[in-house]
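Structure, as structure tokens:
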Amino acid sequence: MRGSITYAETVLKLVDAAHRLQIFEADLQHELLPAWEDAGLPTMYTRLPWPASFVDLRFAFGDHITDGEDGHKAIYALLCDCLFTRQLAFRFDELCPSVTTAIGNIVDYAGEWEELEHVHFQGRAKLFMEEVKRRQGERRYQDHVHYLFRFAETRMLILDTTDLMLDLFQYIPTWPKLETLHFNRIPISAPPSHFGAQTVCSPLPVQSMTPALASNLRGSPHLRHLSFGPSLVGGQSFDDFDRLRELDENGQSTGFVYSYHHGGAEILHMRLNTNFIQHTDTPSTAPTNGAGEAVAPPAGSFHYQDAEDGWRIRSFVAGPEAVWQDWTDVNGGVVPLEVLEEMRVAEGRKDTEWRKRGVEVGETGWAVLLAWMAGREGEA
């Protein structure tokens, strides 16, 4: 059924009348009027009398969405009752005011759905991930703090964005069951000309992970597929989840995460296929001006804090074609790929057995790493 509404509370009435509705889509492209009671009409209620039955839910918020104090509060009320929803897609127009509050409301409600497996967000991806991280871990009530883990069952996250933000991986959400993360429509295959082109040597040397990236990957222990590129199907659709799952199953992801455990130690290894090549990583001053306001980094770079809370800046250049790049981390240091390969051979593992998350490494394989670390300390 398709149609238009004037009052947001009408959405609740429609859902209430369709007890077995499985798929619900709402395109809120214009400002809705206040609730019925504010317009002198008899109000219905602010919550559904029972949980909504839909499995797939999609919202699109236009350029007049506000902070939830007007007619849109009924939309947020609906989110309180989506206990059985498994797939959620929502989009915000670039000119949408109060977008931070609106995203925060969705994170608050949807983050607690116990059956939510797939999330697709179109808009300012960095802002969404910042709001997720800011709200992760606790909810404050008048007299106590309730701790929780938002998006505890979500396994796949698609983030549509028109922005080219090379630090997006700094904000990977720490969701306990997240397996696949896809950045959609990032123009990887056609980078802007102001990045400049540079001849790239292959294979590229392994690079260090930033502390934030390493921490986030450890916080999502099942994340193993990373990908980014043009739109999967040409528009936001639940079919994107199926398409992305096919890419993962066929080994066609443009990025992978592996990890190796021994005792309480862990090695992380991230591989990305991209033509944005890491170029420099140098010390920097704090990215603020004299007034304490944030200052944007030069094009093709981003600031980050190292393990000692000092500021550094990492820059990238655009290569002529996509190549595989590798980042590793153990205790804040880099592990050469040759050492990882020697560990695999020492463990007698096949390549398909080794390139996974959570691989347990025995004494023999870990001894290779310890020997390399000892040799490096001797050289120092």
| message | Just checking, does region 261-268 include any residue being surrounded by fewer than 16 Cβ atoms within 10 Å (Cβ to Cβ), closer than 30 Å to residue 364 by Cβ and hydrophobic (A, V, I, L, M, F, W, C)? | response | yes
| query | Could you say which residue among 360, 353, 338 is in contact (Cβ under 8 Å) with a residue 60 or more places away in the chain, loosely packed, with under 14 Cβ neighbours inside 10 Å and under 28 Å from residue 254 (Cα atoms)? | reply | 360
| field | Filter result (of a type in the set (Ser, Thr, Tyr), assigned to a strand (DSSP E or B) and within 24 Å of the chain's Cα centre (by Cα)) within region 245-297 | value | 258, 259, 260, 274
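From the list 323, 317, exactly one residue is under 24 Å from residue 217 (Cβ atoms) and in a strand (DSSP E or B). Which is it?
Among 323, 317, only 323 is under 24 Å from residue 217 (Cβ atoms) and in a strand (DSSP E or B).
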| task | Evaluate the following for residue 262: is it out of contact with any Ser or Thr (no Cβ under 8 Å at 6 or more places or on another chain) and closer than 19 Å to residue 340 by Cβ? | result | yes
| query | Which one is nearest to residue 274 (Cα to Cα) among residues in region 286-331 that are among the small types (Gly, Ala, Ser) and surrounded by fewer than 13 Cβ atoms within 10 Å (Cβ to Cβ)? | reply | 296
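A quick yes/no check of all residues on (1) touching a residue at least 24 places away in the same chain (Cβ under 8 Å); (2) polar (S, T, N, Q); (3) at negative phi:
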| site | (1), (2), (3) |
| --- | --- |
| 258 | yes, no, yes |
| 264 | no, no, yes |
| 270 | yes, no, yes |
| 321 | yes, no, yes |
| 325 | yes, yes, yes |
| 328 | yes, yes, yes |
| 333 | yes, no, yes |
| When both residues are 6+ apart or on different chains and their Cβ atoms are under 6 Å apart, which pairs have a first residue that lies in region 244-256 and is buried (at least 20 other Cβ atoms within 10 Å of the Cβ), and a second that is among the hydrophobic types (A, V, I, L, M, F, W, C) and at pLDDT 80 or above? | 255/226; 255/272
| Failed item in (1) among the aromatic types (Phe, Trp, Tyr); (2) modelled with pLDDT of 80 or more; (3) in contact with a Phe, Trp or Tyr (Cβ under 8 Å, 6 or more places away or on another chain); (4) within 30 Å of residue 308 (Cα to Cα), with residue 171 passing the rest | (3)
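Give region 343-380 a look and list any residue that's outside any helix (DSSP H, G or I) and closer than 28 Å to residue 220 by Cα, or say none.
Looking only at region 343-380, we keep the residues that are outside any helix (DSSP H, G or I), and these are 348-350, 355-362, 380.
Hits for region 343-380 are 348, 349, 350, 355, 356, 357, 358, 359, 360, 361, 362.
The values are calculated or read from the model by the stated rules, or taken from the named source; none is laboratory data. Just so it is clear, the model here is predicted, and its values are computed rather than measured. Neighbour counts are summed over all protein chains in view; Cβ atoms, including those assigned to glycine, are modelled from backbone coordinates with ideal geometry.
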